[in-house]
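Student: Sending over a structure as structure tokens; questions will come in a sec.
Every number here is computed from the coordinates shown, using simple stated rules; none is lab data. Being a predicted model, the structure only gives us computed values, none of them experimental. Reconstructed Cβ throughout: ideal geometry from the backbone, glycine too, with neighbour counts over all protein chains shown.
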Amino acid sequence: MSDAAAMTYREACKQAIRDALLADPKCFLMGEDVGRYGGCYAVTKGLLEEFGEERIRDTPLSESAYVGAGIGAAMAGMRPIVEIMTVNFSLLALDQIVNNAATIPHMSGGQFAVPLVIRMATGAGRRVAAQHSHSLEGWYAHIPGLRILAPAVIEDARWMLAAALADPNPVLIFEHVMLYNMEDALDPAVAEVDIAHAKCRRDGRDVTLIGYGNGLLKALAAADLLEADGIAAEVIDLRVLRPLDTATILASVAKTRRVVIVDEGWKSGSLAAEIGMRIAEDGFFDLDAPLRRVCGREVPMPYAPHLEDAALPQPADIAAAARGLVRGR
Amino acid sequence: MPALGADMEAGTLVEWLIKPGDRVKRGDVVAVVETQKGAIEVECFEAGIVSELVVPVGTKVAVGGVLAQIGESTAPPRPWPAAAPPSPKPGAAPAAAPPAPRAAVPVSPGTKVTPAARRRAAELGIDPALLTGTGVDGAVSLADVETAASSRPASPAPAKPRRTGFDSAEMRKAIAAAMARSKREIPHYYLSHTVDLGAALAWLEGFNAGQPVPQRLLPAALLLKASALALREVPQLNGTYADGAFRPGESVHPGWAISLRGGGLVAPAIRDADSRPLPDLMAAMRDLVQRARSGGLRSSELASATVTVTSLGERGAESVTGIIYPPQVAIIGFGTIATRPWVVDREVTPRPLVMVSLAADHRATDGHIGARLLTAIERLLQEPAKL
């Protein structure tokens, strides 16, 4: 940290975990390589030394086992933070997350809460190929009983965890791998954020770009490109993928009447599809152009850098889609 | 063109209050029509978006003729009719004329219009199919509609035709036609009954004592309310007779006979008079009188009466023998209220009396039914607090 007011995304995640451990003795962290190794993305470096093995627990390589243990601990009154290395690996714990964590509060008639937080890395761009690079958070956003968060700015990385731990239901936080090194100023006046609403990150009148995670940063970069063309793009950060804040989206659509939805996930059955359909259902008469999506190409993520870049939405693609809507033919 | 009375055959359109693209709902006043009863505000009986004004101002239109087209809310409106020559009616085309080639149809059915542009065009009365689209895939976009709207020559505000008041000669003709038809077609029977208004006027005095002048009730309100409630009890006299059958009114909408200062008479309906509280009814009567005299009656008020009630008022005669307004089946008349000797408890005392009369259509009812109505009115007026 060169500047006292600036912080990396990685550091913000770490400070959030540290705060939680300091604030509540029932809170602990577990996951693969979170202790001695300091986390595969180095988020938890130094926490083992500070908090000890009781509270920073390295687990065996079994996502199903330790996510299940986290659910049990949460039901028993603890406040576990479970880290999964990447969303690809979380599929091994899909049964625990979907069949247990999301359903137990309901199945027990409210007798058991599951105040569990699962953090996991998601997304592509680090040249780690098709088993470590996918964006499957849209799948989890399909599941009632889960709250799905996607911090894309330092402030959210710093403060969403506390709100997630305060939620009596399971919350999944998706940290995009390309954001960990991002550094930005942190407003010292802010010490909490809501985990219910989308947020407008840039005002515009001509077209709305909707994104989350790294897609938000690409949308903001696209907005800069569009500004040079005299097009004022509004950029909406979804922040919360479930439940979706449809009202904020519709308010922006009513203003700009044109929408580009950015989603690094695959287009078919994507979160972008859900957002587009909600706009079609409830904002149809405000539209002055067809809905557009800029999504990941429908291939397993390539390893070669130029192919990986080509498989992902890029600011130029987003700007081109927006330009097409604003300028027409 | 609605029938604003049984005798009306045609009306002259004097003013449009809507334009293509406007959204209208049932009951909206859409036009002013000059009839024998003066300028009447015509209300719409459908909901939708006005797609075309068929008739220009100044045209005389027969009852039942088309004044305007109202389309589904999604249908694109047709252009303002003044801009284009009137298209010949389909039936008017010569039978031998060859079918017009498809290319002559100006509107391309495949025109793409964005939802926002379509909505805005409807608001502005612009046909989006006639615009050049610059949106995605050549679709007509909001900007295209706005551009067309701003480049459209600001149409000079059409000189508002003066709303004419009543033409008393025309009105005389209308009354003559209706009354002659009534006497020609309707076999009237007549009944009358004297009613003691002592209780009613005493109650009225007490009610009015605490009221500012504009809110005071006149005896006519009690008479109308009592008539309406009595008609609810004797529904055989509330309705219309046509094609050999009586059709009961769906509720009690008495036409209240109003004499006009320039001569002539109208009887616009006061809807649901039987269920309105007295102050409300009084306000409706005052409003009607004022609008009738200034020429602001609505089409529904002229077409929907199910019976007529007339009261001769303070300076009137003692009794009235009414003539039914077809196709209604009854007219109830109240003479002036006068203090006369009356026997109460075997003693002759001065009492305020009113002569209530009924003229009724003998095709629809018999005198026994009529008598029940008059005695019901008498009974209701003895308990004015319940009115």
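Student: Given labels modelled 7 Å from the Cα in the Cβ direction, how far is it in nm from B:SER168 to A:ASP24?
Tutor: 9.0 nm
Student: Return the ratio Rg/(2.2 N^0.38 Å) for the stretch A:199-327, where Rg is computed over Cα atoms only.
Tutor: So the stretch A:199-327 has a normalised radius of gyration of 0.98.
Student: Could I ask something else about it? When we measure straight from the Cα of A:LYS255, which aspartates and glutamates land under 13 angstrom away, once same-chain ones fewer than 8 places off are left out?
Tutor: Partners within reach: A:ASP203, A:ASP206, A:GLU234, A:ASP286, A:ASP288.
Student: Could you bin all the Cα-Cα distances of the protein assembly as shown into 20 Å bins starting at 0 and give me the percent of pairs in each, rounded to whole numbers?
Tutor: Pair shares across the bins are 14, 28, 20, 23, 14, 2.
Student: Okay, which of the stretch A:291-306 sit inside 19 Å, backbone N to the point 7 Å along the Cα-Cβ direction of A:GLN314?
Tutor: What the label zone holds, given the 19 Å backbone N cut-off, is A:293-306.
Student: Summarise the long-distance tail of P(r) for the stretch A:6-185 by giving the % of C-alpha pairs beyond 31 Å.
Tutor: So the pairs more than 31 Å apart make up 8 percent of the total in the stretch A:6-185.
Student: If you don't mind, another one. Tell me which of B:LEU201, B:PRO187, B:MET355 sits at the most positive position along the dipole axis of the stretch B:168-386, charges placed on C-beta atoms (Lys, Arg +1; Asp, Glu -1).
Tutor: Comparing the listed Cα positions along the dipole, B:PRO187 ranks first.
Student: Taking 0.36 nm per residue of separation and subtracting the Cα-Cα distance, what length does fully extending B:ARG232 through B:GLU185 add?
Tutor: 14.3 nm
Student: In degrees between 0 and 90, to the nearest 10, how far off the longest principal axis of chain A does helix A:214-228 point, with axes built from Cα atoms?
Tutor: Value to nearest ten degrees: 30.
Student: Based on the Cβ-Cβ distance of B:ALA202 and B:HIS368, what FRET efficiency does E = 1/(1 + (r/R0)^6) give at R0 = 45 Å, to the nearest 0.05?
Tutor: 0.90
Student: The stretch B:355-387: which trypsin sites (Lys or Arg not before Pro) are DSSP loop and have at most 16 other beta-carbon atoms within 10 angstrom?
Tutor: Counting only loop positions with at most 16 other Cβ atoms within 10 Å, the trypsin sites (Lys or Arg not before Pro) in the stretch B:355-387 are B:ARG363.
Student: Can you give me the distance in nm between label points at A:HIS197 and B:ARG379, each placed 7 Å from the Cα along the Cα-to-Cβ direction?
Tutor: Label-label distance for A:HIS197 and B:ARG379, simple model: 6.6 nm.
Student: Running a GNM on chain A with Cα contacts under 10 Å, which residue among A:MET178, A:MET107, A:MET75 ends up with the highest mean-square fluctuation?
Tutor: Comparing A:MET178, A:MET107, A:MET75 in a Gaussian network model of chain A, the most mobile one is A:MET107.
Student: Okay, moving on. DSSP loop GluC sites (Glu not before Pro) in the stretch A:53-102 with at most 16 other Cβ atoms within 10 Å of their Cβ, which ones?
Tutor: The qualifying sites are A:GLU53, A:GLU54.
Student: Let me ask something else. Remind me, relative contact order of chain A in percent, using alpha carbon pairs under 8 angstrom and six or more residues apart?
Tutor: Computed value for chain A: 16 percent relative contact order.
Student: Please state the Cα pair-distance histogram of chain A with 20 angstrom bins from zero: what percent is in each bin?
Tutor: 32, 57, 10, 0
Student: With chain A treated as a Gaussian network of Cα nodes joined by springs under 10 Å, which of A:LEU161, A:LEU179, A:LEU22 yields the largest mean-square fluctuation?
Tutor: A:LEU22
Student: Show that you can apply the helix-only estimate: for the protein assembly as shown, add -39,500 (n - 2.57) for every DSSP H stretch of four or more residues, divide by all residues, and state [θ] at 222 nm to the nearest 500.
Tutor: -9000 deg cm²/dmol
Student: Under unit Cβ charges (Lys, Arg +1; Asp, Glu -1), what dipole magnitude, rounded to 20 debye, does chain A have relative to its Cα centre?
Tutor: With only Lys, Arg, Asp and Glu charged at Cβ, the dipole is about 600 debye.
Student: Shifting gears a bit: Under 12 Å from a point 7 Å along the Cα-to-Cβ line of A:TYR37: which residues of the stretch A:68-91 have their amide N that close?
Tutor: Answer for this model: A:84-86.
Student: Select from A:ALA280, A:VAL260, A:THR208 the residue farthest towards the positive end of the dipole of the stretch A:175-329; place +1 on Cβ of Lys and Arg, -1 on Cβ of Asp and Glu, and compute about the Cα centre.
Tutor: Value computed over the given set: A:ALA280.
Student: Between A:SER268 and A:GLN131, what is the label-to-label distance in nm when each label sits 7 Å out along the Cα-to-Cβ direction?
Tutor: 2.3 nm
Student: So how much slack lies between A:HIS142 and A:GLU49, counting 0.36 nm per residue of separation and subtracting their Cα-Cα distance, in nm?
Tutor: Roughly 29.7 nm would be gained on extension.
Student: When DSSP beta bridges are limited to those with both residues in the protein assembly as shown, what percentage is antiparallel, rounded to the nearest 5?
Tutor: For the protein assembly as shown, the DSSP antiparallel bridge percentage is about 55.
Student: Taking R0 as 30 Å, what FRET efficiency do you get between A:PHE284 and A:VAL98 from their Cβ-Cβ distance, rounded to the nearest 0.05?
Tutor: 0.40
Student: As an exercise, identify the trypsin sites (Lys or Arg not before Pro) in the stretch B:248-300 lying in DSSP coil whose Cβ has no more than 10 other Cβ atoms within 10 Å.
Tutor: The qualifying sites are B:ARG261.
Student: May I ask you to derive the FRET efficiency for A:ALA247 and A:ALA166 from their Cβ-Cβ distance with R0 = 22 Å, giving the value to the nearest 0.05?
Tutor: 0.45
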